[in-house]
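Everything on this sheet refers to the single structure shown next.
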Amino acid sequence: MSLQKIGAALLATTILATGASAQDVELTIESWRNDDLTLWQDKIIPAFEAANPGIKVTFAPSAPAEYNAVLNSKLDAGSAGDLITCRPFDASLALYDAGHLADLSDLGGMANFSDVAKSAWQTDDGSATFCVPMASVIHGFIYNKDAFGELGLEVPETEVEFFAALDAIKEDGTYIPMAMGTNDQWEAATMGYNNIGPNYWKGEEGRTALIAGEQKLTDEAWVAPYRTLAKWGDYLGDGYEAQTYPDSQNIFTLGRAAIYPAGSWEITGFNAQADFEMGAFKPPVQTAGDECYISDHTDIAMGMNAASPNADAAKTFLDWMGTAEFANIYANALPGFFSLSSHDVPMEDPLAQEFVSWRGECNSTIRSTYQILSRGTPNLENDTWNASAQVIKGEESPEDAGKRLQDGLASWYAPHM
Amino acid sequence: MRTSRIKWHIVVFLAPAMLVYTAVMIFPLFNTLRLALYTEVEQSRVFVGLDNFRTLFGDPQWSGAFWNALWNNCWFFIIHMLVQNPIGILLAAILSHPKLRFAALYRSAIFIPTILSFVIIGFAWKLILSPIWGIAPGMLDAVGLKFLFAPWLGKEEYALTTLALVSVWQFVGIPMMLIYAALLTIPEEVLEAGEIDGITGASAFWKIKLPLILPSIGIISILTFVGNFNAFDLIYTAQGALAGPNFSTDILGTFMYRTFFGFQLQLGDPHMGSAIATAMFGIILIGVCIYLFGIQTRLRRYQF
């Protein structure tokens, strides 16, 4: 082929390509969920595009740890995508207050979500909702069924049974009783403190009382979970101080540990990695028959860039996210991220079913530090990571940790001053 | 008066470099210094003078974190000065020995870590030292020293020193190369003259070579100082932005990053972040000035 012909061919394809995209509206989604890239590309986006010809969607995630910083810079520079994946509470509220996120209160699809589901993406007075809720994650413990079978252990219901099981596993020595490390700190707070804590502070009752200033972090209900966490150190693997989050995941999926303090988001990864049967149990209560509380944390939502030139197309997409179709695709492709919509979403994964069944037996709450309380300096969430890790390592007493957190909170939060 | 004419070609040749440098270095630097004097109230930027610095040094929450980071940074620097630079000089002295075979191979091998990315270094060492998968416990076990192993990166008392030594491992090639180059420039005649006077071997190093390479050591010290007080990458890749355990590896760079860009639920505060960056700039400026006016001017230089 002569150069001219190649040139003509190239020109023709360029014209064709521009011709096609001239009619299409292109939407870009900002997200921290780079793990979900294939799910979006292969399932969600094709389903949406089939139903809405003329709108093309691109999923453009960035690394989770950098997401907030990257997104803020992009929004300030005006180069952010049309659709923005929303972190719960203050991170998104700040974006809304700064005029980066559009008010979506009038969106039709919003009718499919309960007030609790929307609470993470509303202004403090609840007058405006700025993100469409996508999913929540539930905390609990995932265990190795084979290991429990070998050792003849029952699933623990109460705290006494829980520690008895850990003792038995430790005694036997084949398995590390519990896979968790303190190197990355957040597991200690998220999968430790906020996992077992709601049973002590009675879920929403304690959480709202803390926000209102009626309870303090030095109260028994808030210190007792630290006292329990302090006992965990004995049951973690050798050198857990330097064990990272991926280390813990690998230790458990390789079958070297019996129990994994978990969030339901682990389900997909664990299903792919582990070749033994897994089960899940909810955070143990103090005495048998006590009412149980679980952390059913509103974690992820989707909002619209207020500066988006494609607002109509973006609203079409967000509206579609309120449908049963989206809820079904999302919940089943990502077992462990449970739909927040009021649609009845059947799930196939047994582990996910186990987690979601607790919603019927226990009272749901969200992580204690997320709403309002982590607004100031020192940041209560970050301090809780530090305190939980220190308590597990035995370097700070539960009482001291509670006092330190309370002092920090009281230094800026009016209801606690 | 021919000499007073403006030499336009100099201006033209300097302009591109000056413009680029101004755009990417000088302007951001001064803008950061300016940003430190503002704060954000109700979505708008308000001038508050030195208030941010008052908070940084006066509020116990902030000043505690700041002094902790500063001391950690000093310790990081001390380790580099006590370990990296002497080892670098020693390696250079050995390498410049005329009878050493495979000198080029050793030189490249020692220098290679310097050109690796921080991310690779951070993750590689994290894996090597991991109590679970790492080869460090196994190697210590093989020589019967298993009892010496500890999860170093997870212990408050060891983590910073461990990371400083990792950084030393990475960068020891730089002082080695600079000193090596300085040693090569020492003329043979000087050494031969010393030999005739009976100064050979180790005493030739201490009495002739070392005084001649002192200016290079000075430059290396100041490079180490600036590099260490700007450090961030290694700590961030190995321990994350919270610089655990319990902030024991928190240096000014990570403290600034956390404040400026925010972390997890903590929202970024560019103004306090700039205040910390300004403090870092001040510390480095003072350090460099002490060196330039206190030490550099007193060093004796020899011309051959």
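The numbers here are math on the coordinates, done by the rules we state, and not lab data. The structure displayed is predicted, hence computed values, not measured ones. Because the Cβ atoms are built from the backbone with ideal geometry, glycine has one as well, and the counts that use them run over all protein chains shown.
For the range A:245-303, state the average projected area of the convex hull of the C-alpha atoms over all orientations, rounded to one decimal in nm².
Averaged projected hull area, Cα only: 6.1 nm².
Along each of the three principal axes of the Cα atoms of the range B:103-220, give the extent in whole Å, ordering the values from largest to smallest.
Sorted from largest, the Cα extents of the range B:103-220 read 59, 32, 29 Å.
Taking the Cβ of each residue in B:7, B:99 as the centre, tally the other Cβ atoms inside 10 Å and list the residues starting with the fewest. Kindly include the intermediate steps, with their values, before the conclusion.
Values: B:7 9, B:99 5.
Exposure proxy ranking, most exposed first: B:99, B:7.
To one decimal place, what Kirkwood hydrodynamic radius in Å is obtained for chain B from all pairs of distinct Cα atoms? Write out the running numbers ahead of the final one.
Working: mean 1/r = 0.0439 Å⁻¹.
Radius from the Kirkwood sum: 22.8 Å.
Specify the angular offset, from 0 to 90 degrees and rounded to the nearest 10, of the alpha carbon long axis of helix A:159-172 from the longest principal axis of the alpha carbons in chain A.
Helix A:159-172 sits at roughly 90 degrees to that axis.
Which lysines does residue A:118 reach when only Cα atoms under 19 Å apart count, and residues fewer than 8 places away in its own chain are ignored?
A:315
With 29 Å as the limit, write out which pairs from A:231/A:282; A:145/B:126; A:170/A:403; A:170/A:393; A:282/B:155 have Cα-Cα distances beyond it, or answer none. Numbers along the way, then the final one.
On the way: A:231/A:282 18 Å; A:145/B:126 31 Å; A:170/A:403 32 Å; A:170/A:393 18 Å; A:282/B:155 31 Å.
Exceeds cut-off: A:145/B:126; A:170/A:403; A:282/B:155.
Place a +1 charge on the Cβ of each Lys and Arg in the protein assembly as shown and a -1 charge on the Cβ of each Asp and Glu, then give the dipole magnitude about the Cα centre in debye, rounded to the nearest 20.
Rounded to the nearest 20 debye, it is 4360 debye.
Take every Cα-Cα distance within chain A, group them into 20 Å bins from 0 onward, and report for each bin the whole-number percent of pairs it holds.
25, 53, 18, 3, 0
Provide the net charge surrounding residue B:181, with neighbours chosen by a C-beta distance below 14 Å and charges set as Lys +1, Arg +1, Asp -1, Glu -1.
Values: positive: B:107, B:209; negative: none.
Local net charge: +2.
Take peptides A:181-192, A:403-414, A:48-59 and line them up by average Cβ neighbours within 10 Å, highest first, as a rough protection proxy.
Descending packing order for the listed peptides: A:181-192, A:403-414, A:48-59.
In whole Å and largest first, what semi-axes does the C-alpha gyration tensor of the protein assembly as shown yield when each eigenvalue is scaled by 5 and square-rooted?
Each semi-axis is √(5λ); the values are 50, 36, 28 Å.
Dipole magnitude of the range A:23-89 about its Cα centre, charges +1 at Lys/Arg Cβ and -1 at Asp/Glu Cβ only, in debye to the nearest 20?
My answer is approximately 120 debye.
Net charge near residue B:153, counting Lys/Arg +1 and Asp/Glu -1 over other residues with Cβ under 15 Å of its Cβ?
Numbers: positive: A:393, B:126, B:155; negative: A:184, A:238, A:241, A:247, B:156, B:157, B:250.
With Lys, Arg at +1 and Asp, Glu at -1, the neighbours total -4.
Per DSSP H run of n ≥ 4, the term is -39500 (n - 2.57); total these for the protein assembly as shown, divide by its residue number, and report the mean residue ellipticity at 222 nm rounded to 500 deg cm²/dmol. Intermediate values should be presented prior to the final figure.
Details: 33 runs with 363 residues, N = 721.
Value at 222 nm, helices only, nearest 500: -15000 deg cm²/dmol.
Please give the net charge around residue B:122, taking every other residue with its beta carbon less than 14 angstrom from that of residue B:122, where Lys and Arg add +1 and Asp and Glu add -1.
-1
For chain A, what is the percent of antiparallel DSSP beta bridges, rounded to the nearest 5?
60 percent
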